[in-house]
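J.: This is the structure, below, for whatever I ask next.
Each reported figure results from applying straightforward, stated rules to the coordinates on display, with no laboratory input. This structure is a prediction, so every number in the text was calculated from the model and none was measured. Here Cβ is always computed from backbone atoms with ideal geometry, including for glycine, and neighbour counts include all displayed protein chains.
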Amino acid sequence: MFELTDRDRLRLADLLGNPYNISSQIQSSGDNVVKKTALTDSHRQLGAKMVEFAGFEMPVQYTSIRAEHLRVRTTVGVFDVSHMGEFYVTGPEREAFVDYVTVNDVKSLSVGQVQYSCMCKPHGGIVDDLLVYRFPDRIMLVVNASNMEKDLGWLKENQRGSVQLENRSDDVTLLAVQGRHAQSLMRKLTDTDLSQVKYYWFVEGRVAGAPAVISRTGYTGEDGFEIYLANRDGVTVWNALFEAGREFNLEPIGLGARDSLRLEMKMCLYGNDIDETTHPLEAGLGWITKLNKGDFIGRDKILAHKQAGLTRKLVGLEVEGAGFPRHGYAVLHKDNGRNIGAVTSGTVSPCLNKGIAMGYVPAELSEIGSEVKIDCRGRMFPAKVVKTPFYLRPY
């Protein structure tokens, strides 16, 4: 294992906002035992810098965050995201139950379809954002690792109807193959016709001979697939990907680049951009919040926010000059210097070579072109609200 330098720690905290109390010290005893994925030894063999992330020992980078980011944007990369949580919901009333605890319309899902959604508290604050998979006999919920226990507790607290909940998180290895060559690479390892798998749909098949759920989803804005496997098959499929991926310059990608990639797409990170103090409408998640579908937890308060008019909105900000926006930096009124918000996620975009950020600003300053300033450690940099995503893939 590598010991992170102070610069490494600062860079990771800048990227992720350190919402999960990231530590470079991996505990091996006591009550704080850090979990490993089926691929931990593989990451070490590849020279990854390992950190504690949401209770797991995970690779933050192998070479550099910038190089790994650009690899995904230009060819293809593979992530170990086995720290994510998977819950199975079964029983005859599973659709009605999941529909009640999430904001999107679960009843509209076809078998084989995936849905981005979130769970909310009665006051409208976001418990977590998640993916909903509809199988013929169950629904799978994929949740953030940092929220796994909280989410499971919330589901049990609100469980109703004839349903059963099962936490399968420790049984699953999850790999994300992302980039413009993802389909070409995957074709070498599966008989499944991936051209028929549409965005946010999935199939059950085999990858490198191992039973797998193959989902056309990801957290990068690129084309790609997420592969759900039994832990026993994790190393086999990981190695097969690299053997088949040589012609595409496949590389392993760590948590650092995963975060900068999602930020270029203005994809929310729980703990930074959304949490229990934010509701879906102000976070720009109105498109997944189906207020007309019937009752769900938080609906009344979210509807009240809509009727009253939003007071603030999560926007994309582009920084002028050499400013490096980081989580927590103040967003100021451009004329009077009044503090009007804060950066929730920020970095210097590897693709755009300029500072980009997300942050909540007053609704009247949320229009495209609105001008603000960002306080970067005492230096004031002009910034403006821009159309997002920041990056548009060229294919």
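J.: Reachable lysines from K293, Cα under 21 Å, same-chain residues fewer than 8 places away excluded?
T.: Of all the lysines, those that pass the test against K293 - Cα under 21 Å, at least 8 places apart if same chain - are K107, K121, K301, K306.
J.: Tell me, how many Å apart are the Cα centres for the stretch 289-346 and for the stretch 183-245?
T.: Result: 36 Å between the Cα centres.
J.: Consider a paramagnetic label point 7 Å from the Cα of E320 along Cα→Cβ; state which residues of the stretch 340-373 have an amide N under 14 Å from it.
T.: 355, 369-373
J.: Okay, next question. Treating only the Cβ of Lys, Arg, Asp and Glu as charged (+1, +1, -1, -1), what charge dipole size does the stretch 289-360 show about its Cα centre? Round to the nearest 20 debye. Each step should come with its number before you reach the end.
T.: On the way: 11 positive and 5 negative charges, 52 e Å.
For this selection, approximately 240 debye.
J.: Between R134, R326, R160, find the one with the highest GNM mean-square fluctuation for the chain; connect C-alpha pairs within less than 10 Å.
T.: In this elastic network of the chain, the residue with the biggest mean-square fluctuation among R134, R326, R160 is R160.
J.: Sticking with this structure for a sec: State the Cα centre-to-centre distance between the stretch 352-368 and the stretch 128-162 in whole Å.
T.: Taking the Cα centre of the stretch 128-162 as reference, the centre of the stretch 352-368 is 32 Å away.
J.: Equivalent ellipsoid semi-axes for the stretch 95-173, as square roots of 5 times the alpha carbon gyration tensor eigenvalues: give them largest first, rounded to whole Å.
T.: On the way: eigenvalues 60, 50, 33 Å².
Square roots of five times the eigenvalues give 17, 16, 13 Å.
J.: For the peptides 180-187, 140-147, 294-301, what is the packing order when you average, over each peptide's residues, the other Cβ atoms within 10 Å and list the highest mean first? Write down the numbers at each step before the final one.
T.: Details: 180-187: 19.6, 140-147: 21.6, 294-301: 16.8.
Top to bottom by mean Cβ count within 10 Å: 140-147, 180-187, 294-301.
J.: Within 10 Å, count the other beta carbons around each residue, average over each peptide in 53-62, 226-235, 255-264, and list them highest first. Don't jump to the answer; show the numbers that get you there.
T.: Details: 53-62: 23.2, 226-235: 19.6, 255-264: 25.3.
Top to bottom by mean Cβ count within 10 Å: 255-264, 53-62, 226-235.
J.: So if I place +1 on the C-beta of Lys and Arg and -1 on the C-beta of Asp and Glu, and nothing else carries charge, what would the dipole magnitude of the chain be about its Cα centre? I want it in debye, nearest 20.
T.: Numbers: 47 positive and 49 negative charges, 182 e Å.
Charge dipole, the chain, about its Cα centre: 880 debye, nearest 20.
J.: Now for a different question. Multiply the residue gap between D171 and D137 by 0.36 nm, knock off their C-alpha separation, and tell me the result in nm, one decimal place.
T.: Working: separation 34, 0.36 × 34 = 12.24 nm, distance 1.87 nm.
That pair, D171 and D137, stretches by 10.4 nm at full extension.
J.: Percent relative contact order of the chain, based on C-alpha pairs within less than 8 angstrom and at least six residues apart? Walk me through the numbers before you get to the answer.
T.: Numbers: 889 pairs, mean separation 68.3, N = 395.
In percent, rounded to a whole number, it is 17.
J.: Using the Kirkwood formula on the Cα atoms of the stretch 311-386, what hydrodynamic radius do you get, in angstrom to one decimal?
T.: Working: mean 1/r = 0.0854 Å⁻¹.
After inverting the pairwise mean of 1/r, the radius is 11.7 Å.
J.: Separate question: Under Stokes-Einstein, with the Kirkwood radius over Cα pairs standing in for Rh, what whole-number D in µm²/s applies to the chain at 20 °C and 1.002 mPa s?
T.: Numbers: Rh = 21.7 Å.
The Stokes-Einstein estimate is 99 µm²/s.
J.: Along the charge dipole of the chain, which of T217, L194, G328 sits closest to the positive end, that is, farthest toward it, with unit charges on the beta carbon of Lys, Arg, Asp and Glu (+1, +1, -1, -1)?
T.: The one lying farthest along the dipole's positive direction is G328.
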